[in-house]
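Read through the structure below, which is laid out as structure tokens, and then see the notes.
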Amino acid sequence: MLNAVVAAIWLIVLCGCPADEPQQTLNHSTSTSPQVEATAGALSHAGNTVLKRVTLGAAADWTVKNSMDDHIMWAGGPGNTYTLTYHESESQLPLDDVDALRQSIRKLAAAEKGGIVQVDTIMVDGHGAAYFLTKDTVENSMGYRYVGRCVIPLDAGWYEMRVDAVETGPTGQREAFINVQMGIGANVEYEEIPPEAPPTQGSTGTTTGRRIRGWHKDPYDSEFDAMAGYSVTDDVKYDARFRKHALSRIRATFPDIVSSIQIANSEDATSAD
């Protein structure tokens, strides 16, 4: 749930048509904060004449870090950055097949030396969209970076709402607590880290060594456990105890941000000014 006043950020994007209705929806709480209007800028796209306007709910403490023709980036909250980007190319994500989508995001995460945490298809104001969370390691850090993304394809392009969250303060507390809770000790079974596995926190970028068998697993299909970055510590049931953890912060706020997106007809947006 957004913890600050919600600001209406008017951003111009291309007109798009809804895709087939996906099966998943986001679980989110309803913000009771009053909405206030604030103009943060517009994304302009040369050569495109059919436009729609998007309203994005943003916390009032967000500050603009970078604003270009095709994207706006904000800083907000401890270790969080938020970016809205427009892409003129056609989205290649298969929204009509969630299993194929998850495989596509596995490949994307692997290219970023990470793994998937969650991948679903959702609806965003009547438009089919991909919603996914990934994790990867941060250079020269003992912590992970978690990334939440919502990709909404349009007729002549697509845009992405993204949040990057890194761990702040001491790292490894969530993992240490769960180790103790699960009674993990000297009797655990280890396995060689598969070469396709993403780097773990504090590693040098290699995948050599050993890891606890069963600790890393793909959230949807055991066939991909070898390349999984998701671990038992990423389970949503631990978020309430570790609210400041990077993954907990994304799960607590990103669904509300995505759900705040409204895609209005251009004439409606003009009349609202």
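A few notes on this one:
- Set side by side, the residues S91, S104, S33 differ, and just one is modelled with pLDDT of 50 or more and in contact with a strand residue (DSSP E or B) (Cβ under 7 Å, 6 or more places away or on another chain), which is S91.
- Restricting segment 148-167 to residues that are at pLDDT 80 or above, closer than 15 Å to H245 by Cα and crowded, with 23+ Cβ neighbours inside 10 Å, the residue that is farthest from the chain's Cα centre (by Cα) is A165.
- Remark: pairs (first residue in segment 243-262, free of Cβ contacts under 8 Å to residues at least 12 places away in the same chain; second residue surrounded by fewer than 21 Cβ atoms within 10 Å (Cβ to Cβ) and part of a loop (DSSP other than H, G, I, E, B); Cβ separation under 9 Å; 6+ apart in sequence or on different chains) = S248/D239; S248/A240; S248/R241; S248/F242.
- Test for L133: is it in a strand (DSSP E or B), surrounded by 14 or more Cβ atoms within 10 Å (Cβ to Cβ) and touching a His at 6+ places or on another chain (Cβ under 8 Å): no
- Pair list, Cβ < 9 Å and 6+ apart or interchain, from segment 219-240 residues that are outside the structural domain of T200 (by TED's automatic domain parsing) to residues that are assigned to a loop (DSSP other than H, G, I, E, B) and among the polar types (S, T, N, Q): none
- Filtered residues of segment 102-121 (kept if within 19 Å of T85 (Cα to Cα) and in contact with a Ser or Thr (Cβ under 6 Å, 6 or more places away or on another chain)): A109
The values are calculated or read from the model by the stated rules, or taken from the named source; none is laboratory data. Remember, it's a predicted structure, so these values are computed and weren't measured experimentally. No Cβ is skipped: glycine too gets one built from the backbone with ideal geometry, and neighbour counts run over all protein chains shown.
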